[in-house]
1. Could you tell me what percent of the accessible area of segment 1-144 is made up of carbon and sulfur, with a 1.4 Å probe and every protein chain present?
2. Just to confirm a number: summing +1 for Lys and Arg and -1 for Asp and Glu over residues other than A117 whose beta-carbon lies under 13 angstrom from that of A117, what do you get?
3. Over the chain, give the accessible area per residue in Å² for a 1.4 Å probe, as an integer.
4. How do the peptides 43-52, 128-137 rank, highest first, by the average count of neighbouring beta carbon atoms within 10 Å per residue?
5. Taking Rh as the Kirkwood radius, which is the inverse of the mean 1/r over Cα pairs, what is the Rg/Rh value for segment 23-115?
6. Taking +1 at the Cβ of each Lys and Arg and -1 at the Cβ of each Asp and Glu, which of L126, S111, A61 sits farthest along the dipole of the chain towards its positive end, judged by Cα position relative to the Cα centre?
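The values are calculated or read from the model by the stated rules, or taken from the named source; none is laboratory data. Values in this document were obtained by computation on a predicted structure and should not be read as measured data. Reconstructed Cβ throughout: ideal geometry from the backbone, glycine too, with neighbour counts over all protein chains shown. Calculation scope for accessible area: heavy atoms of the full protein, side chains included, ligands and nucleic acids excluded. Shrake-Rupley method; radii C 1.70, N 1.55, O 1.52, S 1.80 Å.
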Amino acid sequence: ERKPAHGMKIYNGSVERAEGCAFATDKWDYLLSRERPILGFASDDSHIYDDIGLGWIMVRAASRSPDAVAQAIFEGNFYSSTGVTIRDIKRNGPVITVDTADAREIWAIGSGGARKARVFGKRMVLDSSKFETAYLRFVAFGCGAAMAWNQPFFFNLLPQDEDVSPFVAKWWMSG
């Protein structure tokens, strides 16, 4: 029996000093494109002191309590980063707004990992109804190697779908 995964590492900073690629966003898009909703995490694993601070998540929680933080993570109310700060990301009907403190460029990524839109600057306002895609996620590029990734917005998944975990159902409904 197949058990659903709730998340995967899309960036692993400790791999920067090892063999392989630190990024797995292509694999993330592969799963998302097949309507396998899954959260994307950045981490640094902290195997050695020099690994600390290479990748992390920023959580929007009701409070700083461990339960509230864990609940927000489970619901997908966080973004992953290597240095870019997302001030706010919201969906109002088909319009998605991404507001950052320090991005130089923002991309909207859809099905198959295709770039659907691109802006230079700290803010993107996008009418998602202009695109045929099952999901949109955003990546913000900052200075140097600084980046941030939000959790995807899904358009074709129904909350009662048996393959949809609870965080996706709630995120989909709440936008």
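1. On the way: 4150 of 8030 Å².
That share works out to 52 percent.
2. Net charge in that neighbourhood comes out at +4.
3. For the chain, the per-residue accessible area is 54 Å².
4. Result, highest mean Cβ count within 10 Å first: 128-137, 43-52.
5. 0.97
6. The one lying farthest along the dipole's positive direction is L126.
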